[in-house]
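Chemist: The following block contains the structure, expressed as structure tokens.
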Amino acid sequence: MKRSVLVLLALFQFMLIFCPARADVSVSMRLDREEATIADSISMVVSIAGARESDSPPVFKGMEDLDVTQGGTSSRFEVINGQVNSGIDYTFFLQPKKTGTFEIGPVEVTVDGKTYRSNTATLTVVKQPESSGTDRGPLFLTARLSSIKVYVEEQSIYTLKLYHQTRVSNISLDLPEIEHLTFRQLGKPIEYQSFYNGRSYDVVEVRYALIPSEEGICGIEPSRMKMTVAQPMRRSHRGFFDDPFFSFSTGRTMAVISEPLELNVLPLPGKGKPSDFSGLVGNFKINSKLEPNKIKAGESATLTVLVSGSGNVNRIPDLKWPEPDHIKIYADEPVLKVKEDAKGLSGSKTMKWALVPEKEGRYKISPLTLNFFDTKAHRYREIETSRLSFSVLPGEVKQIQASTDYSNGQKIEGHVKKAVKELGHDILPIHTSIKDLGKGSIVRPGGLVFWFVFIGPFFIYAVVFLGLKLGKKSDRSLATLTAKKAAKKFIRKCRQDGLSSSDLALSFRTYLNERFDLSLGSLTSEEAAEILKSEGADLDTARKIQSILKGLEDAVYTGKGQKACALGEGASQLVRQIEKEIR
């Protein structure tokens, strides 16, 4: 094992020395979220790619209204196609001083005397939600809507926050099922620290886009979050509980619910509604381009239209327009991309057409229009593409040459033909008889190479197969030997006079770990029973083992762990029974 580690370290150092570093250096910056309360702590990571170190720590801009605390530094290293790609990540924590929208960055980093700048990010800091003034305890769940009044098909952000002061795991969430209301999760849950009623909490935040499909008052029932909450065991005997076997935490299942909310869904106005309205709601823009703008007759140009924005992007329609005169149009399949981030749903739709003109000249492309309801302006809007045009130039004239038809002595016109030119000969000769193959053949029947080629693979397969079989057999033998040693060791321990409950419990744990090749230091009676049942032990035997371990735990927890135990003989008999059942 040590030798393998040394070889890997030597290889790593060789790559560091002899692999050329990438010359391109870049700096990027990202925040763990774009919206936070004034009591939250925001994580910011500054990544430097293409360098193993910087001349100095990063320098920030736009941080006057935030307190910055350094978190730590980590390095990364990888080799791709012989090129070394290394980098550094700096982690910082931001604490807002006031509410508002702040432009963070750019971050400046100096590498080898040259200064590089990162991108910028926008952070919105809002007020902390109003608290009831009462202590909500170490674990609770809150819910909030970004807007309580929206139009049909307009999205509102539904934010759930789990505040906890104890360690939690196995979190599951049950969202309310509401007709005509769709939940779309926005990214992965994020974790950070915050304050509530003056107390510090760890927070798990998850966001959803709520999209209503019908008007009216929509009641949102509470969400329910279920999890396992860690609870440390109470220590009543210090000397005994110094043993790591008993210094573990138990967990119990708990559930918390959020507040009920109400969403007012307004109908889309009928005034000014276009006849071809597709139901697109949000804020969108349209761009177009035509390339190339000069082609020759017989060639094609490509018209690309991109519709992008935020809202119900799945309602972006496929744009169509009448075929212009003397142009054939071939449409590609539209490509829809949906993006989900903390601000909600956004995305784009790309549509392409190939334009093939039938004759030369100047062609104008009529603009394409799109209608949508603007939720910020509270009205319908129509946007259109730019007016585009392209030119079609005359194509190349085919070269014609007069040739003579010697069959009748008349000249005819036709395409110029090039003379056939011999470029080379085949490298290998063409054999016309099987006798030629027998001369000079390396692989011939009866030769050493023949037997090696045709018999060697079967011999190698047989050797490998036998090696694997013997290896498995040796592994099984080793496992059987280890199991017998563990059982004998436990039985000898049970025969000792004055064996205490603490010693017996510790010996039982050691036996199970060695017998089944486990590494569970804090093995409970329930876990022991489950392990035995999964390994093939009888249900009654597993229950008896669970009962004995439960009795030992009770003796320990009531302060009787150091007293002599009378369960040793029964435990040794059960271990013998286990060895018979799972053999």
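The values are calculated or read from the model by the stated rules, or taken from the named source; none is laboratory data. Owing to the predicted nature of the structure, the values given are computational and were not obtained by experimental measurement. Glycine also receives a Cβ, built like all others from the backbone with ideal geometry; neighbour counts cover every protein chain displayed.
Chemist: I'm checking my understanding of the structure. Among residues of region 483-499 that are closer than 12 Å to F516 by Cα and of a type in the set (G, A, S), which one is farthest from the chain's Cα centre (by Cα)?
Modeler: So, considering only residues that are closer than 12 Å to F516 by Cα and of a type in the set (G, A, S), the one farthest from the chain's Cα centre (by Cα) is A487.
Chemist: Please verify whether D55 is outside the structural domain of G198 (by TED's automatic domain parsing), farther than 19 Å from F195 by Cβ and among the acidic types (D, E), treating the condition exactly as stated.
Modeler: Considered against the rule, which asks whether it is outside the structural domain of G198 (by TED's automatic domain parsing), farther than 19 Å from F195 by Cβ and among the acidic types (D, E), D55 comes out as yes.
Chemist: Looking at this structure, is T101 at pLDDT 80 or above and either surrounded by 12 or more Cβ atoms within 10 Å (Cβ to Cβ) or outside the structural domain of V25 (by TED's automatic domain parsing) (or both)?
Modeler: no
Chemist: Every residue in region 311-326 that is surrounded by fewer than 18 Cβ atoms within 10 Å (Cβ to Cβ) and either of a type outside the set (D, E, K, R) or at positive phi (or both), please.
Modeler: Those that are surrounded by fewer than 18 Cβ atoms within 10 Å (Cβ to Cβ) and either of a type outside the set (D, E, K, R) or at positive phi (or both): N314, P317, W321, P322, P324, H326.
Chemist: While we're on this one: Looking only at region 69-89, count how many residues are under 24 Å from the mean Cα position of the chain (by Cα) and at pLDDT below 65.
Modeler: Matching residues across region 69-89 total 3.
Chemist: If E259 satisfies every condition in (1) in the same structural domain as Q231 (by TED's automatic domain parsing); (2) modelled with pLDDT under 90 but one, which is the exception?
Modeler: (2)
Chemist: If T480 passes every condition in (1) in a helix (DSSP H, G or I); (2) at pLDDT below 75; (3) touching a Ser or Thr at 6+ places or on another chain (Cβ under 9 Å) but one, which one does it miss?
Modeler: That leaves (3) as the condition not met.
Chemist: Further, regarding this structure: Identify all residues within region 112-126 that are under 31 Å from the mean Cα position of the chain (by Cα) and either modelled with pLDDT under 85 or part of a strand (DSSP E or B) (or both); write none if there are none.
Modeler: Y116, R117, A121, T122, L123, T124, V125, V126
Chemist: Now for a separate question. Mind counting the residues in region 290-336 that are of a type in the set (S, T, Y), under 28 Å from the mean Cα position of the chain (by Cα) and in a loop (DSSP other than H, G, I, E, B)?
Modeler: Result for region 290-336: 0.
Chemist: For region 168-208, enumerate the residues that are within 15 Å of I257 (Cα to Cα) and not in a strand (DSSP E or B).
Modeler: Scanning region 168-208 gives L175, P176, E177.
Chemist: Mind counting the residues in region 336-365 that are surrounded by fewer than 18 Cβ atoms within 10 Å (Cβ to Cβ), more than 30 Å from D32 (Cβ to Cβ) and of a type in the set (A, V, I, L, M, F, W, C)?
Modeler: So the answer is 2.
Chemist: If E153 passes every condition in (1) under 23 Å from K98 (Cα atoms); (2) of a type outside the set (F, W, Y); (3) not in a strand (DSSP E or B) but one, which one does it miss?
Modeler: Every condition holds for E153 apart from (1).
Chemist: Take region 273-285 and flag every residue that is surrounded by fewer than 19 Cβ atoms within 10 Å (Cβ to Cβ) and touching a strand residue (DSSP E or B) at 6+ places or on another chain (Cβ under 8 Å).
Modeler: Selection gives K273, P274, D276, F277, S278, N283, K285.
Chemist: Checking I220 against (1) modelled with pLDDT of 90 or more; (2) surrounded by fewer than 18 Cβ atoms within 10 Å (Cβ to Cβ); (3) of a type outside the set (S, T, N, Q), only one condition comes out false. Which one?
Modeler: (2)
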